[in-house]
1. Among (1) surrounded by fewer than 16 Cβ atoms within 10 Å (Cβ to Cβ); (2) part of a helix (DSSP H, G or I); (3) in contact with a Gly (Cβ under 9 Å, 6 or more places away or on another chain); (4) not acidic (Asp, Glu), which single condition is residue 138 missing?
2. Filter the range 66-91 down to the residues that are assigned to a strand (DSSP E or B), closer than 17 Å to residue 453 by Cα and open to solvent by 40 Å² or more (accessible area, probe 1.4 Å) and list them by number.
3. List the number of the failed condition for residue 646; all other conditions in (1) open to solvent by less than 40 Å² (accessible area, probe 1.4 Å); (2) in a helix (DSSP H, G or I) hold.
4. Residue 559 fails exactly one of the following numbered conditions: (1) at pLDDT below 90; (2) exposed (fewer than 15 other Cβ atoms within 10 Å of the Cβ). What is the number of that condition?
5. Count, please, the residues in the range 162-206 that happen to be of a type in the set (Lys, Arg) and either open to solvent by less than 60 Å² (accessible area, probe 1.4 Å) or free of Cβ contacts under 8 Å to residues at least 12 places away in the same chain (or both).
6. State the number of residues belonging to the range 372-396 that are more than 30 Å from residue 465 (Cβ to Cβ), aromatic (Phe, Trp, Tyr) and open to solvent by less than 40 Å² (accessible area, probe 1.4 Å).
7. Pairs under 7 Å by beta carbon, first residue surrounded by fewer than 20 Cβ atoms within 10 Å (Cβ to Cβ) in the range 245-258, partner at pLDDT 95 or above and among the small types (Gly, Ala, Ser), six or more apart or different chains?
8. So which residues in the range 398-418 are crowded, with 22+ Cβ neighbours inside 10 Å and farther than 16 Å from residue 309 by Cα, if there are any at all?
Amino acid sequence: MKSSNTHKGAAVLILLFSAIFLIITGRFLYIQSTAEIEGVNLNEWAEEARTSSYSLDADRGNIYDKNGMLLAYDRPTYKLYAVVDPDYSRSEEEPEHVTNPEETASVLAPFLDMEESEIEQRITEAQEDGRFQVEFGSNGRELSQDQKDEIEEQDLSGINFEEESKRYYPNGTFASHIIGFARTEEGHITGVTGVEKQMEDYLRESKGQISYERDKYGSKLLDPNEILQEPEDGEDVHLSIDQKIQTFLEDAMATVDEQYEPAKIMAAVMNPKTGEVVALGNRPSYNPNDLGEVDNWYNDIISDSFEPGSTMKMFTWAAAIEEGVYNGDDSFKSGSYEVSGSTIRDHNREGWGEITYDEGFERSSNVAAAKLGYDLVGPKKFRNYLSDFHLDEKSGIDLPNEGEGRILYDYPIEQVTTAFGQGTTATPLQLMTAATAIANDGKMMRPYTLSKVTSSENGEILNEKEPEVIDEPISEETASQMRDLLGRVVSGENGTGAPFELSDYSLGGKTGTAQIPKEGGGYLSGKENHIFSFLGMAPVEDPELLMYVAVKQPKLDVTETGAEPVSFILKSVMENSLHYLDVNPDQNNDHKVEEHKMKDYIGKDTTKVEKELKKEFSQVTVIGDGDEVTETLPQQGTTLLSDQRIIIVTDEPTMPDITGWSLRDVQKLAEHFDLKVETMGDGYVDQQSIKEGSNIKEEGYLVVELSTPE
C-alpha cells in the first residue's frame, strides 16, 4: 500500500514539474521569438537602459545698455554631487565613488556650510538604499568657479560637479526695476520682472540634447547610436538706458535716500524728441543677484498712481492757450474760488491780491487753474484735453505692469480740483508722456526702454524700435508759449521753482506738492506727509532732456522744505547729463552751486586737506587739532553740492563751535561720535551744552538749543 502511494506521488510530482518546465520553456521561447514581456519590448528596454541622455546648455540672451555695456548675462555655476555606487569604480587603486563618508563629510562641511553629520548621513543612507548618487540641496548648488576649484584640490573620490547657468547682474541695483530679474525654473532661466519678463520670447534659450549608448561605467560603445540636437542661445536685447546718465541718477538717489530717509523716490529721464527713457530708478530698490530681502518689487514710476499736485497745471494752462481763451496779462483775484458751495484756496491762503494769469502760473495758484479749467475752457472741453494728453490711458511703454491713474470728474468740485492736480490720479510716466508734447513742439511721443534686438550669433539686427508720435494735443505755438511759462517758474521773480535753477542751462518745469490720502478719508497732516515732485525740461527753448522726480515723505529739518531733496536729484542729474551729452550751455550763473564727489582724505595732512576742501566747499569744519585726518563726514564717494557742510575729523578730536549748524549737520557729528542728542526749539543751533574745545566722550550727551533766524 505504501509503495503504491509513493509511486502515485512521484507520478504527480513528475507531471507537475513537467508542466512547469513546459510553461517556462514556452515562455522562454515566446520571449525569444517576440522579444516582449507584458508589452515591453526587451530590445528597446535594453537600448534605453544602456543609453545616456544629457542636455546641452544654451545661454539666455544678454541685456546691454544703449552704448553696449553688459547689464545681464548667464554666469556658470556648479552643482556638487557624490557618487556612492561602488560599481562605478573601475579599480580599487583609483576609486570613483565615495569610499570614506566620514572623511568626505569633514572636508566638504566648510565649503557647503553644512554640518559634517548631515553630509555623512546623506551619503551613508544613499549607499544603504543602493542609490547611484546623492546631492546636497541648495547648499551644493550655485557654487562659483573658485569654490569648485578649491574642492577639487582636496582630491575626494566620488565628488563630481555639474555645470549650471545662473543669471547674473554685474551692476547690482543699477536700473534693477527696468532690467528686472530671471530665475531658474524647470531647467530654464525664465524672466520674472522687467525686461527679463517682457522680452522672454527673444531672450529665452533652447537647450540641446545628446544621447548615446554606453557601458556601465558611462563610456561610449563602439557603435553608440549617437543622436545630437544642437542648443540655441537666446537673442540679445539692447536698452535705451544710458549707463552714464543712469549712474548720475543712481548716485543722486542714493545720497537723498541716505540723508532724508524717504518712504519712496521715483525718478526718470527721457529724450522728449524720441521717447527714449535714458534713465529710470526707484527707492527702495533691490539687487537682483540677492533676492533674500526685497522691500519693493514694483517699478513705481510706471505702476504707482497718485495725485500729481501742481505738475498738472502745465496741462491746464496748455489747454487754455490751445483753446484760444488765454491772455497771460489778464488779471484775477487770487486767494479763494467758490464752486458748488465749496471753497478752493491758494497755498498762500490770503492770496497775492489781483495778479495776472502768467504770475499765477509762476506762483502756482490753484485759483488761477480753477478759473482757467472750469470758467474759461469749460469742464467738457477741458476733459477732452485730458484725453488728448492721454492722461486717462496707459502710455504703452514696453515694460510690464504699467499702471494708470483715474480721472475723478463727476462733480463740479472734482472738475475744478483736477485742474490743479487734486482728486484725479496719474502715474509719473503718464505725466512725462503728456509733457513730451510741450517739450517736442506739440508732438507727444510714446516712451520706450527697448532699443533693439540683435542675434547673439552674428549681431544682426532682428528688431529695432522707431520713435512713435502717439498724438498732437497742442500746436507748436502753444508748446513754445508753455515752455516760456515753465521757464518763468524756475527763473522768474515769483517762481516756485527757484530752488531748481541750473548753473549752465535754462530749465523749465513745474513743482508739485501732492497730499497723501489716509484711510477713512481726508489727507495726512504735517509738512513731511506729502509727495514732493518736479517735472522739468532743459534747455528750455529746445529741450534735450525731460525729467521727473518725486520724493515721498522725506524727513525734513525745521528749516528745510520738500523741494530740497527733489532739487538735489534733479539739478545733479540734469546738469551732469547735459554736459555729458555735449549740449551747449545757454546761460551763465554767477552763483553756481557746483557738485563734487568726496575724495579719500583719510591719513592725509589736516591742514592740506582743509585748504583743498575749502576750494570746493563753502562750509568746512575741522574737528580737533590733530595733524592727521581720520574721517570725513560725509564719507568718501558721496556726491555733494558745494554749499553743503564738510566735517574733517582729526586724530585729536575736540568739540567744535556748532553755532549756526543745521540739526542735520549736528546729527552727522553725533552719529560719528556716538553722542546722544537732545534738542530744544526749532531752526539752527544757538547754544550747545558741550563747550568748544572740550574732549568728545563717546556715548555722551549733547544738548543743543535751536532758534529760527530773523
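1. It is condition (3) that residue 138 fails.
2. 70, 73
3. (2)
4. Here residue 559 meets the rest and fails (2).
5. As a first pass, look at the range 162-206 and keep what is of a type in the set (Lys, Arg): 166-167, 183, 197, 204.
From the residues that got through so far, the ones that are either open to solvent by less than 60 Å² (accessible area, probe 1.4 Å) or free of Cβ contacts under 8 Å to residues at least 12 places away in the same chain (or both) too are 167.
Going through the range 162-206 one residue at a time, the tally reaches 1.
6. The number of residues fulfilling the criteria is 1.
7. As it stands, the answer is none, since no pair meets every condition given.
8. First, pick out the residues of the range 398-418 that are crowded, with 22+ Cβ neighbours inside 10 Å: 399, 415-418.
Residue satisfying the conditions is 399 alone.
The values are calculated or read from the model by the stated rules, or taken from the named source; none is laboratory data. Please read all numbers here as calculations on a predicted model, not as lab measurements. Glycine also receives a Cβ, built like all others from the backbone with ideal geometry; neighbour counts cover every protein chain displayed. Please note that ligands, DNA and RNA were not included when accessible areas were found on the heavy atoms of the full protein model with its side chains. Shrake-Rupley method; radii C 1.70, N 1.55, O 1.52, S 1.80 Å.
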